[in-house]
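To start, the structure itself, in structure tokens.
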């Protein structure tokens, strides 16, 4: 028993001396960095619903109003002069304010508007030769698409959207009257330009 106790005492003494006296200690200072993301808030619309008139397409656009009726006056049934439908196969429309972006002070932003891939074509819902399409592209910006952000004053801007009308075989054609749906664009606000 005394031999076992002596071996244990020697082992404890040896172990404590190894732990308290490292032979080759090395140390290194490590830099610590934290990045706080900027606050960005984007406001836009769910739907853009534009009206393209015959005047936009180069045709006759307008109304003629007779002055007064007492209920018995007959309306003038003479056709208007040069009543024509437009012959244009494309048109550009302004969306004056499409987005507003706010952020924490000192942050800058770049706003980009692009068609959604695979959803850049609107259709009139018809089939066969009656099918008409409108391919949407984004033109120039209206207002601001870049700027310094603040919590009170947003960066506000819009775009010019172009629509190129096509028939069922993708040849340029005059549009037919009706509602064209299915197109999408996306607004992207990127901080720190």
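Values for this structure:
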read-out: In nm, spacing of pseudo-spin labels at residue 177 and residue 137 (7 Å Cα→C-beta vector); value: 2.9
read-out: For 108, 72, 171, 145, order by how many other beta-carbon atoms lie within 10 Å, fewest first; value: 72, 171, 108, 145
read-out: At 1.567 mPa s and 4 °C, Stokes D of region 84-145 from Kirkwood alpha-carbon radius, µm² per second; value: 85
read-out: Label-to-label distance, nm, for residues given as residue 170 and residue 32 (7 Å Cα→Cβ offset); value: 5.8
read-out: Pairwise label distance in nanometres, residue 44 with residue 73, each label 7 Å out on the Cα-Cβ vector; value: 4.9
read-out: Translational diffusion coefficient (Stokes-Einstein; Kirkwood radius from C-alpha pairs) of region 105-193 at 4 °C, 1.567 mPa s, in µm²/s; value: 87
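Readers should treat all values here as calculations from the given coordinates under stated rules, not as data from a laboratory. Since this is a predicted model, take the numbers as computed values, not measurements. Using ideal geometry, Cβ is built from the backbone for each residue, glycine included, and neighbour counts are taken over all protein chains shown.
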